[in-house]
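Engineer: Pasting in a structure now, in structure tokens, and then I'll have a few things to ask.
Please treat every number below as a calculation from the coordinates, not as lab data. No experiment lies behind these values; they were computed from the predicted model shown. Counting neighbours? That spans all protein chains shown, and the Cβs are built from the backbone with ideal geometry, glycine included.
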Amino acid sequence: MRTFDLIRDAVLPEFRERVADYLVDYETVLATGSTDPQVLQATANQLRGYLRGLNTTRVLGMADWEELDRRVVATWLS
């Protein structure tokens, strides 16, 4: 399953629509594979911060956050 699909599924149902709106911006940059590595790295790090915020506000569970963070690092930051 794709990373962004996993994020959408991991978010509590009552927040999914709002989170999906924000994910579009990240997905547009990361899924299209920008040719500028600095843009990819910056966007991936911003996504990690966004996911961390979702975890902090209990919109996303800790186990989900850890797995999603690992996927973002493995996919776009390594």
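Engineer: Please specify each residue of the stretch 42-68 satisfying the condition of being polar (S, T, N, Q) and under 13 Å from the mean Cα position of the chain (by Cα).
Structural biologist: Scanning the stretch 42-68 gives Thr43, Asn45, Gln46, Asn55.
Engineer: So how many residues does the stretch 14-60 have that are touching a residue at least 24 places away in the same chain (Cβ under 8 Å) and among the hydrophobic types (A, V, I, L, M, F, W, C)?
Structural biologist: Final tally of qualifying residues: 11.
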